[in-house]
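Just below is one structure, and these are the notes that go with it.
The values are calculated or read from the model by the stated rules, or taken from the named source; none is laboratory data. None of these values were measured; they are calculated from a predicted model. We place every Cβ from the backbone using ideal geometry, glycine too, and count neighbours over all the protein chains shown. For the accessible areas, the whole protein counts, side chains as well, though only heavy atoms, and no ligand, DNA or RNA atoms are used. Shrake-Rupley method; radii C 1.70, N 1.55, O 1.52, S 1.80 Å.
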Amino acid sequence: MHRVTKKRYTAEFKAQGVGLVGLGKPVSAVAEDLGLSQGVLYAWVSRSKGSQAAQLGSEGRGAGGEEPAADELRRLRRENATLKLENDILKKAAVILGTKPQSQPVR
């Protein structure tokens, strides 16, 4: 009898798959591109949503409609992490497609 071994994926690989879904790409397309089943990818996405909800903090607005400083900092950090993930994905896609990413001058 053959023994089936469970595939193991790195946290970075999982985060990239979840990130692609977060960018609006269909789960079926991402799963096919990464060589996964849709069920596995759906599980990763649902787990990441659960961990993100725990990190959100209070989303309530204070008097006058201003965000508390800690909530704004969390929001900016999340946005920064999302942008970094998108940038990394685009860089890897450029390497796969054989194009060189254009370097932009530092501002």
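Summary table below
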read-out	value
Criterion violated by Ile89 - all others in (1) modelled with pLDDT of 75 or more; (2) open to solvent by 50 Å² or more (accessible area, probe 1.4 Å) satisfied	(2)
Total residues in the range 52-86, condition within 25 Å of Gly22 (Cα to Cα), at pLDDT below 85, open to solvent by 80 Å² or more (accessible area, probe 1.4 Å) and not in a loop (DSSP other than H, G, I, E, B)	3
Any hit, the range 35-51, residues being modelled with pLDDT under 85, surrounded by 10 or more Cβ atoms within 10 Å (Cβ to Cβ), under 20 Å from the mean Cα position of the chain (by Cα) and part of a helix (DSSP H, G or I)	yes
The range 1-19, residues that are open to solvent by 40 Å² or more (accessible area, probe 1.4 Å), of a type in the set (A, V, I, L, M, F, W, C) and within 17 Å of Lys49 (Cα to Cα)	Ala11, Phe13, Ala15
